[in-house]
Amino acid sequence: EHETHYVLAVPTFSVSTPRAYQLWDQESGASQLTQDTPVGDPFQLGGAFRFQDLVKLVCNDLRHVVAREYPEILDLMKDLRATGAVAVEMTGSGSCVFGLYSDAAAARRALEGLAGAGRYHVVQAHGM
């Protein structure tokens, strides 16, 4: 069993959820969101859950359209990757971004490094 560890970076700006979906509709039209993409069901992993399985599931269809209007999101993602995150993604419709770390110590080091930058609010969390 592998506990998951995250660092969340919240920038000083917010993204309107209606605006995020408006951007999606303008660019993608009738295309489907990930619900119809065969990436696997994390709830089906059960006892076979492996950390690598979770890493493969990290994706957000809205990121590419939202980040065009808010390029700072890509900067946040780059900052998280630079701290050693094994996966990085935007949450929901934005603007929060998270990094997934292999252990608590790595997440804590990332938190400390990012907190010193002062460009956004950062918190550490862990999954169940």
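The values are calculated or read from the model by the stated rules, or taken from the named source; none is laboratory data. These figures come from a predicted structure and were not determined experimentally. All accessible areas refer to the heavy atoms of the entire protein, side chains included, with ligands and DNA or RNA removed. Shrake-Rupley method; radii C 1.70, N 1.55, O 1.52, S 1.80 Å.
A few points about this structure:
- In Hz, Karplus ³J(HN,Hα) per residue of the stretch 99-113 (6.51, -1.76, 1.60; θ = phi - 60°; x = Gly, Pro): x, 9, 10, 6, 7, 5, 5, 5, 5, 5, 4, 4, 4, 4, x
- Probe 1.4 Å, protein heavy atoms only - accessible area per residue of the stretch 54-113 in square angstrom: 45
- Between S102 and V86, the built amide H atoms are under 5 Å apart, and every one of these is 5 or more places off in sequence or on another chain.
- Distances between placed amide hydrogens fall under 5 Å for H121 paired with V10, all partners being 5 or more residues away or on another chain.
- Kirkwood Rh and Cα Rg combined as Rg/Rh, the stretch 60-118: 0.99
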